[in-house]
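Colleague: The structure's right below; bear with me while I get my questions together.
Since every read-out is calculated from the coordinates, none of them should be taken as a lab result. Computed from a predicted structure; not experimentally measured. Note: ideal-geometry Cβ built from the backbone for every residue, glycine included; neighbour counts use all protein chains shown.
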Amino acid sequence: MLNCKADPTLKDYFRDKVHFADFLNGIYFSGRQVLSTEHLSVVDTDMSTVVEGKKGTVSFNRNRDVIMKDNQNGIYVLNAIEN
């Protein structure tokens, strides 16, 4: 029996562009090969921003397990997977 945690194992699995594209093609496009590995690029999974509002300044810091940018004819889409 393997002694490994699911979250790190799935992070490693979905960092592979082939696995990432296959998963999203299955979810978004019923298995049609729309997303291609050659159009995917890995994005830093740590994202932060600062928002100024009526109640003051608030900072946000978010992490996702895997984020990839997809370039479809000059249109960019960020796809993220959270295990």
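Colleague: If the cut-off is a Cα-Cα distance under 17 Å, which lysines reach K11, setting aside same-chain residues fewer than 8 apart in sequence?
Modeller: K69
Colleague: With the calculation restricted to Cα positions, what are the radius of gyration and Dmax of the chain in angstrom?
Modeller: Radius of gyration, then largest Cα-Cα span, for the chain: 15.9, 54 Å.
Colleague: What nm value, rounded to one decimal, do you get for the distance between V77 and T49 when each label is placed 7 Å out toward the C-beta?
Modeller: It works out to 1.9 nm between the two label points.
Colleague: Mean residue ellipticity at 222 nm from the helices of the chain, using -39,500 (n - 2.57) per DSSP H segment of n ≥ 4 over the full residue count, to the nearest 500 deg cm²/dmol?
Modeller: So the helix-based figure for the chain works out to -8500 deg cm²/dmol.
Colleague: By per-residue mean of other Cβ atoms within 10 Å, what is the highest-first order of 8-15, 73-80, 53-60?
Modeller: My ranking of the peptides, most packed first, is 8-15, 73-80, 53-60.
Colleague: By the scheme Lys and Arg +1, Asp and Glu -1, what is the net charge of all other residues having a beta-carbon under 13 Å from that of A6?
Modeller: Neighbour charge sum, excluding A6 itself: -2.
Colleague: Follow-up question, since we're still on this one. Read phi for every residue in segment 62-74 and hand back ³J(HN,Hα) as whole Hz from Karplus 6.51 cos²θ - 1.76 cosθ + 1.60, θ = phi - 60°, with x for Gly and Pro.
Modeller: 10, 10, 10, 5, 9, 10, 10, 9, 10, 10, 10, 6, x
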